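Before I ask anything, here is the structure I am working with.
The values are calculated or read from the model by the stated rules, or taken from the named source; none is laboratory data. This one's a predicted model, so the numbers in the text were calculated from it and none came from an experiment. Here the Cβ is made from the backbone with ideal geometry for all residues, glycine too, and neighbour counts use every protein chain on show.
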Amino acid sequence: MSDFDKPVERAPRRRRQYRFDSDAAGHFAERIARFTGTATFLIYLTIFVALWIGWNSFAPNHLRFDSASLGFTALTLMLSLQASYSAPLILLAQNRQDDRDRVNAEQDRQKAERNLADTEYLAREIAGLRMALGEVATRDYVRSELRDALEAFDRDREERLNERDQRIAELQAELDELRKTRESENMREVEITSEGKIEATTHLSEKAASHTSTCEN
């Protein structure tokens, strides 16, 4: 069987799939709904209707495009069309707001449940600590303990200061005694030195006298 006898296989055609972005459409609908609920939209609509009616009432006949005798049919049709589109857009915006409110309420509920669970856990922990301690120290008890500690610290500091002063007095007395001893020793040395000098002078005088007498003889 030749290749020409085989049927030609065609690749499947890919169809383009258009995805409708509901989030973008909802956002657009909310923007329109918010704008239609403002005073700016009412002022613009009032000006538009006034200009439409004034032009088709007072303009030349060949320039009018909506007949006043027929009750401004085109204007009525346009306002009806605007109202018919505004109602679904407002409902769509309300549905999106309801969905957001529902999500926010669910998040608030979950947060409240977590806070309640944390509060219960902390309450159980505090109760366990109180049971373990047996009693809770009051403010007066803490103050009395601190006061006693400060008094004991002051007494200890005064004792140490007294001991230091006493030790300083003892050292000062020892220093004075050593100074007096050193002065007495210095005076004794001076006296000894003076006595030695006097004896030496006397001895020299005696020698000189004896030598003089020897020379005379």
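Testing Ser84 on (1) at pLDDT below 90; (2) farther than 23 Å from Asp23 by Cα, one condition comes back false. Which one is that?
Going through the list (1) at pLDDT below 90; (2) farther than 23 Å from Asp23 by Cα, Ser84 breaks only (2).
Related question: Regarding Ala132, is this residue outside any loop (DSSP other than H, G, I, E, B), among the hydrophobic types (A, V, I, L, M, F, W, C), outside the structural domain of Ala33 (by TED's automatic domain parsing) and surrounded by 10 or more Cβ atoms within 10 Å (Cβ to Cβ)?
Here the answer is no, as Ala132 does not meet what is asked.
For the range 97-129, which positions are closer than 26 Å to Glu30 by Cβ and over 27 Å from the mean Cα position of the chain (by Cα)?
Gln97, Asp98, Asp99, Arg100, Asp101, Arg102, Val103, Asn104, Ala105, Glu106, Arg109
It is to be established whether one or more residues within the range 136-145 are in contact with a Lys or Arg (Cβ under 9 Å, 6 or more places away or on another chain) and not in a helix (DSSP H, G or I).
Yes: one or more hits.
Related question: So if I check each of Ala93, Ala149, which one is small (Gly, Ala, Ser) and farther than 26 Å from Thr38 by Cβ?
None of the other options fit; the residue is Ala149.
Only residues in the range 138-162 that are surrounded by fewer than 10 Cβ atoms within 10 Å (Cβ to Cβ) count as the first member; pair them with residues that are assigned to a helix (DSSP H, G or I), Cβ under 8 angstrom, at least 6 apart or cross-chain, and list the lot.
Close Cβ pairs (under 8 Å, with a partner that is assigned to a helix (DSSP H, G or I)) do not exist here.
Give the residues of the range 33-49 that are free of Cβ contacts under 8 Å to residues at least 60 places away in the same chain, within 43 Å of the chain's Cα centre (by Cα) and either in a helix (DSSP H, G or I) or not assigned by TED's automatic domain parsing to the domain that holds Leu92 (or both), sorted by residue number.
Arg34, Phe35
Go through (1) under 23 Å from Leu91 (Cβ atoms); (2) modelled with pLDDT of 80 or more and name the single condition His62 misses.
Going through the list (1) under 23 Å from Leu91 (Cβ atoms); (2) modelled with pLDDT of 80 or more, His62 breaks only (1).
Based on what the data block shows, is Asn56 over 26 Å from Ile32 (Cβ atoms), in contact with an Asp or Glu (Cβ under 6 Å, 6 or more places away or on another chain) and either of a type in the set (Val, Ile, Thr) or surrounded by 10 or more Cβ atoms within 10 Å (Cβ to Cβ) (or both)?
When the stated conditions are applied, Asn56 passes them.
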